[in-house]
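A short worksheet on the structure shown next.
The values are calculated or read from the model by the stated rules, or taken from the named source; none is laboratory data. As the structure is a computational prediction, the values presented were derived from the model and not from experiment. Note that each Cβ is placed from the backbone with ideal geometry, even for glycine, and that neighbours are counted across all protein chains shown. Just so you know, the surface numbers come from the protein's heavy atoms only, side chains and all, with ligands and any DNA or RNA stripped out. Shrake-Rupley method; radii C 1.70, N 1.55, O 1.52, S 1.80 Å.
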Amino acid sequence: MYPSLQYLLQGRGMITKDAVIRKRQALLEQCPWQPTPGTSGSINITEWGQGGPAVLMIHGGVQGGLGGGPVDFAGQRPLAEKGWLLRLPDRPGFGESASRGPDDQLGDSLWVAEELGEASHLIGHSFGGAIALLAAARRPEAVRSLTLIEPALQPMLTTEPLLLLKSGVRAALQIVGEALMKAETPAGFAVAFAESLGTDGNGGPNPSAELLIKHPEKAETLGCAVLRAKIAMPEEMRKAADTVAKADIPVAFVSGGYSAGQDAGCAEMARMMGAKHVVIPSPNHFIQQTSPDAFNVFTDTFMREAE
């Protein structure tokens, strides 16, 4: 879980570090489910396109829900028609890739770094965005550009304590924490977290929340998966960010404009790295899915400029 949860609602006296630790442990004790490592450690990768520069796309989410490379990036298939070779891995426990245990940012960054080959553009969404940054730092010479869609890198913000004076940054750090503290069960945590990720644009549930409404039996599994997920420490994230910045890799952070916390967090992380921050209007966290045309135009242009 996010080490930086100790900073939640700082200055308002509402949540302490100890309270967060106790609450997480109490919810974990209700978790009968945990991912079982499979017998095969291979990563399934789907490819779209006949050639051209490679684009490695790392999806978000945690095990137990819908997802996988082709699912999360279905709206980006038109990029293959523009001359890009899209490579879409199923992270462990998704699609046709066997689980390797709890979702693990640092662990996944190892195989992602290998899959960069000699040179690839790299795109990561949410949990996959954190993995993408960590992987890019392992092999910066193999990364042509890096695009991070509302990445799960909020802990990195705590490496600059003065940022905690900004309300937008505090809101970014509360995205997971507020859902955690008000939940009484892992299922309740999953629902609250999903609902914090925006709407469908018409006041209805976003794709993640809709999944839990249609399949409530998944809520406990998803809640436990988030609680068990292995998150990189803030210092590890910042070290990776500094490594990528020093390598002069073109980097872009993308947020959706629906959340002050997400926008502020992406803006500050972009500043830390001397990167670009763009807002592509979206009603929720799944920007590449809900605003595929605008996202594809931006990404196509950004990668061509990097070429």
Here are a few candidate values for Cα extents along the principal axes in Å: (i) 51, 44, 38; (ii) 53, 41, 35; (iii) 73, 47, 32. Which one was actually calculated from the structure I just gave you?
(i)
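With the radius of gyration and the Kirkwood radius both derived from the Cα set of segment 109-260, what is their ratio Rg to Rh? Mind dumping the intermediate values first?
Numbers: Rg = 16.7 Å, Rh = 16.7 Å.
My calculation puts Rg/Rh at 1.00.
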Need one value: the accessible area of H121 in square angstrom, 1.4 angstrom probe, rounded to the nearest 10.
0
Would you tell me the accessible area of W84, worked out with a 1.4 angstrom probe on the heavy atoms of the protein chains, in Å² to the nearest 10?
10
Counting pairwise Cα distances across segment 68-187, what percent come out greater than 20 angstrom?
53
Keeping all protein chains in place, calculate the accessible area per residue for segment 258-302 (probe 1.4 angstrom), answer in Å².
36
Highest mean packing first, using Cβ neighbours within 10 angstrom, the peptides 103-114, 200-211 sort as 103-114, 200-211
Candidate lysines - alpha carbon under 27 Å from K182, same-chain residues fewer than 8 apart omitted:
K17, K23, K166, K214, K218, K230
Rounded to two decimals, what ratio of Rg to Rh does segment 26-79 give with C-alpha atoms and a Kirkwood Rh?
1.11
Give the cysteines in the chain for which no other Cys Cβ lies under 4.7 Å away, or write none if there are none.
C266
C-alpha center-to-center spacing [segment 192-247, segment 276-296] in angstrom
16
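Please give the length that would be gained between K214 and K182 if that part of the chain were fully extended, namely 0.36 nm times their separation in residues minus their C-alpha to C-alpha distance (nm, one decimal). Could the numbers behind the result be given before it?
Working: separation 32, 0.36 × 32 = 11.52 nm, distance 2.25 nm.
Here the segment from K214 to K182 would lengthen by 9.3 nm.
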So who's got an amide H within less than 5 Å of the one on G60, skipping anything under 5 residues away but keeping other chains? H placed 1.01 Å off N, in plane.
H125, G128
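Of the accessible area of segment 156-222, with the probe set at 1.4 angstrom, what percent is carbon plus sulfur?
Details: 1740 of 3110 Å².
Here carbon and sulfur together make up 56 percent of the probe-accessible area.
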At a 1.4 Å probe radius, which order do T199, T147, T36 fall into by accessible area, largest first?
T36, T199, T147
Note to self: with every protein chain in place and a 1.4 Å probe, segment 20-108 gives an accessible area per residue in Å² of 44
Within straight-line cross-link reach of K276, aspartates and glutamates at Cα separation under 20 Å, skipping those fewer than 8 residues along the same chain:
E141, E150, E160, D242, D248, D263, E268, D293, D300, E305, E307
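So for V279, V191, what's the accessible-area order with a 1.4 Å probe, most first?
Values: V279 75, V191 55 Å².
These residues rank, largest area first, as V279, V191.
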For segment 251-257, 3J(HN,Hα) per residue [Karplus equation, 6.51 cos²θ - 1.76 cosθ + 1.60, θ = phi - 60°, Hz, x = Gly/Pro]:
10, 10, 9, 10, 10, x, x
